[in-house]
Amino acid sequence: MAKTIVEQIMAAHLVSGELAPGAEVALRIDHTLTQDATGTLAYLEFEAMGVDRARPEVAVSYVDHNLLQTDFRNADDHRFLRTIAAKYGLYFSPPGNGISHQVHLERFSVPGKTMLGSDSHTPTAGGAGMLSFGAGGLDVALALAGQPFYLVMPEILGVRLNGRFPAWVSAKDVILELLRRLTVKGGRGKILEFFGPALRYLSVPERAAITNMGAELGATTSIFPADGQTRRFMALQGRAADFRPWQAQGRPNYAEIQEIDLTGLEPLIAQPSSPDKVVPVKRVEGIPVEQVLIGSCGNSSFRDLMVVAQALKGRRVHPRVSLEINPGSRQVLENLALAGGLLPLLTAGARVMPPGCWGCIGMGQAPPTQAVSVRTFPRNFPGRSGTKDDQVYLASPETAVAAAIYGELRDPRSLGEAPRVAAPRHYLADGRDLVAPPPAGTPVEVVRGPNIVPFPQLSPLPDTWRGEVWLKTGDNVTTDDILPAGSQVLPLRSNLPAISQFAFTRLDPGFPRRVQGRGEGAIIGGENYGQGSSREHAALAPRYLGVRVKLVKSFAHIHLANLINFGILPLTFENPGDYDLLAQDQTLELPGVGRLLLAGAERLPLKVGSGEIWVRVDLSVRQRRLVVGGGALNLAREG
């Protein structure tokens, strides 16, 4: 019987449910990862469950986001993450060791395994044939406690890749082409499975650059087969024994197929300020550039940085441009130096940062006012860089280095002969900076700084809910809009009362002060509400302020799961035109909502002032219990 790779891996990990699109399924999770911006809260949630040891085969706590130690808070949290990993049996990856996705790909990836990570770019591991999902920290905490991961079974979209890359075109251009075709909403409710004759030429790091940005399509995850390229990558990492072949069986019946001829691709670029505003680079040539950032989790492999180094040989960065390099891991940086790639970067005028996320999360590297920044990062949402009214373009390493050399947007094909980069015959790959946990039962003191605040108690949903509209938003609201990142906000990630004071401030600077002490309220939104980062703070901080209902035209899938986990009722308009009837400060009422939810109602009457509209609730029996009970942690505590 014909089966996709996704169906085979899911079937091997199925705890409950049916592998039919739209049905809720529960999967056993083999690996978990957290990063420091989400990990502190995830481990506080895990502690609250009273479990003595992490249950997955491999669990890793990475520090890669909040690397600036401008005061005690980040340093204290890094110490907390190290000691709690030791106590509960997790590996710990310290600051400077690298970005979670790159390091996990190198040191831990195993084809056919499942992984859950508290970062939306966890599907990067799909480049090595892992079925990997980004999720909120509470979902990861539940997986650490041995509970399955629940999701609505997506459709499987096949992406057939033909041909070979022409000069100066690379993997980033593949995912930019998909974003051009499908938009940031086009992957909702879908898993992307790649196949086709071009795969024989695509290395694992190139595949990972593609699966990394599937998150920007709104896709649940993305995956490549585990084949000869995968075997070669794992052998170079000294982990040949971890290789398992995974291929589609027969001719699977994909819900849809997108076909891309790599031979016909040209260098592409996403314009400000959305990953799907994609055009050929030649269409925007000549725009002056003042900053170029290469690396982060999307394009920080040895291959990507060696392309940049070779392109810079004998050249200098344009005097107007600040070029910064963010390697994906210490291994990448060491192998770059060993292969002679580091010196060309330095002599050309680039600044090489310690391995980490840095500017992608707004942790430094903010561009100048009204300046163009070209980045190989996955996202360019407005203000995410740390500069208001930023002008961030997303591009391949090839296009980015051309901008650094010319000081303007330029088709990289104008640089002449393209660099040719082969993988080393052997990698320096010992993983010596990863800290393994001590044996179970070893006494470990968890060290907590004063910025770590215990997780709050969340109240159940009343049978009849009343409140006001506290804010009305438009389409494609991001989690950065709901709860920003950056050097001012991220150090507060384990201090909910403090971080909640930034909720919705990008949309309404006075929102926290305006709603504080007003009981419970609702947020109204448009299409694709909550796209972007998986950070659960974008659900938990509003809940802490009193947001109990979100009524929108459609939700991004990770944010939807986070809302449910924290007892926020997610509703959609039955008639999208009713969006126009609602305004800030209107009074809303959901009569008998607790009873109706538990009874399985799919339509709810919503009283709006003296009128009434109908809204939809698309939740499983389990999710309804979570919302009515006040969230997943309440039910986990009950056992």
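Please treat every number below as a calculation from the coordinates, not as lab data. None of these values were measured; they are calculated from a predicted model. When we count neighbours, we look across all protein chains shown, and the Cβ atoms used for this are built from the backbone with ideal geometry, even at glycine.
General remarks:
- Counting neighbouring Cβ atoms within 10 Å and putting the fewest first, the residues Met49, Met213, Met306 line up as Met49, Met306, Met213.
- Cα extents of the range 1-122 along the three principal axes, largest first (Å): 58, 32, 24
- Reducing the range 566-639 and the range 85-125 to their Cα centroids gives an inter-centroid distance of 36 Å.
- Put in line by how crowded their Cβ is, counting other Cβ atoms within 10 Å and starting with the fewest, Glu57, Glu408 read Glu57, Glu408.
- The local environment of Gly441, defined by Cβ-Cβ distances under 14 Å, has a net charge of +1 under the rule Lys, Arg +1 and Asp, Glu -1.
- Angstrom value of the Kirkwood radius, inverse mean 1/r, which spans all Cα pairs in the range 465-638: 16.1
- Among residues other than Thr83 with Cβ under 10 Å from its Cβ, the summed charge is +3 (Lys and Arg +1, Asp and Glu -1).
- Taking a straight Cα-Cα cut-off under 29 Å and skipping sequence neighbours fewer than 8 places away in the same chain, the lysines within cross-link reach of Lys190 are Lys3, Lys113, Lys172, Lys277, Lys472, Lys550, Lys553.
- Electrostatic tally near Ser554: other residues with Cβ closer than 12 Å to its Cβ, Lys and Arg +1, Asp and Glu -1, net +2.
- The range 50-187 - Kirkwood radius from inverse mean 1/r over Cα pairs (Å): 17.4
- Inter-centroid distance (Cα atoms) of the range 285-324 relative to the range 485-519, Å: 35
- Inter-part distance, the range 529-553 to the range 449-481, computed on C-alpha centroids, equals 6 Å.
- When the range 298-353 is reduced to its Cα atoms, the Kirkwood hydrodynamic radius in Å: 11.1
- Binning all Cα-Cα separations of the chain at 10 Å, short to long from zero, yields these whole-percent fractions: 3, 17, 28, 28, 17, 6, 1, 0.
- With contacts taken as Cα pairs under 8 Å at a separation of at least 6 residues, the range 465-638 carries a relative contact order of 24 percent.
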